[in-house]
1. Of the residues THR34, THR3, which is in contact with a His (Cβ under 8 Å, 6 or more places away or on another chain), closer than 21 Å to LEU114 by Cβ and either part of a helix (DSSP H, G or I) or not charged (D, E, K, R) (or both)?
2. Which one is modelled with the highest pLDDT among residues in the stretch 37-79 that are assigned to a loop (DSSP other than H, G, I, E, B) and among the aliphatic types (A, V, I, L, M)?
3. If we keep just the residues of the stretch 6-31 that are in a loop (DSSP other than H, G, I, E, B) and touching a Phe, Trp or Tyr at 6+ places or on another chain (Cβ under 7 Å), which is surrounded by the fewest Cβ atoms within 10 Å (Cβ to Cβ)?
Amino acid sequence: MATRSFIAKYDRNENEYTAIYCHWDGYPEGVGFTLRDHYTSSGQIDTLLTYGDISSLHEDTNDTKAVSFQVTQGDKNALPITFKYFSDVVEHYRRAGCEYGYVWMDGLWECYALDPQQINLYVENLQTAS
């Protein structure tokens, strides 16, 4: 069974997130460690995102490109998606069955579990009744 995830980059200049889907090994010891150890520059991440949705993430970007949905399935619609708000990124990929998300921000990778018990994006909107 797949552990689905998304991989995103936050662009401060544009104030937006660009994201792709990854089907296999989305847990932190898989996709997370591969991103942390092998995708360490904005240029590498920009290249990765141009491939669109991927079956799996490899240490080498060329190997990853070879397993992009555009290459393996001829799916020209498996393009990266741009979002204005992080909550929209999470909701979109949660509906796609993703369990984890990875965001490149300010030169570091952030990892998110998409279980609503572990991440609550709306806490600032909650008010207690008195």
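The values are calculated or read from the model by the stated rules, or taken from the named source; none is laboratory data. Just so we're clear, the structure is a prediction, and the values are computed from it rather than from any experiment. Note that we place each Cβ from the backbone using ideal geometry, even for glycine, and neighbour counts take in every protein chain shown.
1. Going through THR34, THR3 in turn, the sole match is THR34.
2. So in the stretch 37-79, the residues assigned to a loop (DSSP other than H, G, I, E, B) come out as 39-41, 51-53, 55-60, 67, 73-79.
Now drop any that are not among the aliphatic types (A, V, I, L, M), which leaves 57, 67, 78-79.
Values: LEU57: 97, VAL67: 88, ALA78: 91, LEU79: 94.
Restricting to residues being assigned to a loop (DSSP other than H, G, I, E, B) and among the aliphatic types (A, V, I, L, M), the top hit is LEU57.
3. Let us first name the residues in the stretch 6-31 that are in a loop (DSSP other than H, G, I, E, B), namely 12-15, 23-27.
Going one step further and asking which of them are touching a Phe, Trp or Tyr at 6+ places or on another chain (Cβ under 7 Å), we end up with 26-27.
Values: GLY26: 25, TYR27: 15.
Here the answer is TYR27.
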